[in-house]
Amino acid sequence: MRIVFFSTQAYDRESFLEHDKPNDAEFVFQQPKLTLETAVLAAGAEVVCAFINDDLSAPVLEQLAANGTRLIALRSAGYNHIDLEAATRLGLAVARVPSYSPHAIAEHTVALILALNRHLTRAYNRTREGDFSLRGLTGFDLVNKTVGIIGTGQIGAAFAKIMAGFGCKLLAYDPYPNPKVVKLGAQYLELDELFGQAQIVSLHCPLSPSTYHLINASTLGRMQSGSMLINTSRGALVDTPAVIEALKSGHLGYLGLDVYEEEADLFFEDLSDFPLQDDVLARLLTFPNVIITAHQAFLTREALNAIASTTLANISAWAEGSPQNLVNIEG
Ligand code: NAD
């Protein structure tokens, strides 16, 4: 069984090679992203292993299916980037890694909050230049602040637990309230009420038609002046030009992003030798109260290990006729 991995970095190869291969499996690691042009690299591969910025639209899936692929093994929890209807029509099973380390993403979310609040990037740059002044570095205590969590599944719940530890008041919105989060003292509210009361809003819901641009000019207007917005979930939850306007007016006090709607052609690549072509991202990067990381919240040793082990278990289970973690074709 030939397994072609797309969008691989050195850390992917290392983590997969540390695990036993499924029976008769041959690993082929490809660095390029999966696109209509690169799909040919998977010719003859029964299994294609893809990541979040790979193109899994109908035309790409059609080419993979025509060339013999039968399983798309996602190395991610999110599957908003695959055309599931097309995959099912083409007889392609799609498996994912439902949970690898919710703590990795929750902890990165907290890292963004603390770095923004305590101006760590500015402080780091200053001290390296011999500037030991504190002007403009005033932060705020997290204790007693109100944190609004949108989406309280595995990651939202792990984040809630950490913020409860800081002594924050927790507000939550989720169509399916999580008893573990209620137990931490969180109060579930309607979205509008959450936006009105929270000083920090953190997004942990999946991207779907109902959550697309959940943060827009109207919802930003309902947030408290000077509040902080963190998105470690999916870029398209946020209407970026609307956020830029809110930052320019000062209404939005801080922004931490690990994801960006147009990240697919940027993130995971070293583009430092080239002029940045994305004017919206370029504008975002000019604000002193904005921190952007390039979709690295998942990047811990523990998470990489769990991604490799579950992906390989998904492939073995599928090959043995008892698939697991499928998101389209049942059993
Ligand atoms: P999960 O399925 O455990 O939880 C998602 C929660 O969102 C569920 O409780 C669900 O009821 C809720 N939800 C659904 N629709 C909602 C809506 N309209 N409003 C509010 N809540 C809604 O998923 P998870 O493992 O906690 O992951 C959450 C998201 O984090 C994923 O969808 C993915 O986009 C993102 N993620 C990001 C990274 C990263 O590296 N930055 C890594 C993994 C996952």
Please pick out the residue among Ile155, Ile149 that is in contact (Cβ under 8 Å) with a residue 60 or more places away in the chain and either within 22 Å of Ser101 (Cβ to Cβ) or not acidic (Asp, Glu) (or both). Ile155
Name the pairs: first residue in the range 244-265 and away from the ligand (no atom under 16 Å from the Cβ), second residue at pLDDT 95 or above and among the aromatic types (Phe, Trp, Tyr), Cβ to Cβ under 8 Å, at least 6 apart or on different chains? Leu247/Phe287
Out of the residues in the range 55-108 meeting the condition of being more than 16 Å from the ligand (Cβ to nearest atom) and hydroxyl-bearing (Ser, Thr, Tyr), tell me which one is nearest to Gln296 (Cα to Cα). Ser57
Some residue of the range 208-227 being among the β-branched types (Val, Ile, Thr), assigned to a helix (DSSP H, G or I), assigned by TED's automatic domain parsing to the domain that holds Ala115 and near the ligand (Cβ under 9 Å from one of its atoms): no
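Being under 26 Å from Asn53 (Cβ atoms), within 15 Å of the ligand (Cβ to nearest atom) and of a type in the set (Phe, Trp, Tyr): is that true of Phe195 here?
Criteria not met by Phe195.
Just checking, which of Leu137, Leu116 is in the same structural domain as Leu266 (by TED's automatic domain parsing), touching a His at 6+ places or on another chain (Cβ under 9 Å) and either outside any helix (DSSP H, G or I) or more than 14 Å from Leu326 (Cα to Cα) (or both)? Working first, answer last.
On the way: Leu116 fails: touching a His at 6+ places or on another chain (Cβ under 9 Å).
Result: Leu137 is the single residue among Leu137, Leu116 that is in the same structural domain as Leu266 (by TED's automatic domain parsing), touching a His at 6+ places or on another chain (Cβ under 9 Å) and either outside any helix (DSSP H, G or I) or more than 14 Å from Leu326 (Cα to Cα) (or both).
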Could you count how many residues in the range 160-205 are surrounded by 21 or more Cβ atoms within 10 Å (Cβ to Cβ), assigned to a loop (DSSP other than H, G, I, E, B) and either within 21 Å of the chain's Cα centre (by Cα) or without any contact (Cβ under 8 Å) to a residue 24 or more places away in the chain (or both)? 2
Only one of Arg89, Arg13, Arg2 is among the basic types (Lys, Arg) and touching a residue at least 24 places away in the same chain (Cβ under 8 Å), namely Arg2
Pro241 within 23 Å of Ala111 (Cβ to Cβ) and either at pLDDT 95 or above or not assigned by TED's automatic domain parsing to the domain that holds Lys145 (or both): no
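The values are calculated or read from the model by the stated rules, or taken from the named source; none is laboratory data. All values reported here derive from a predicted model rather than from experimental measurement. Reconstructed Cβ throughout: ideal geometry from the backbone, glycine too, with neighbour counts over all protein chains shown.
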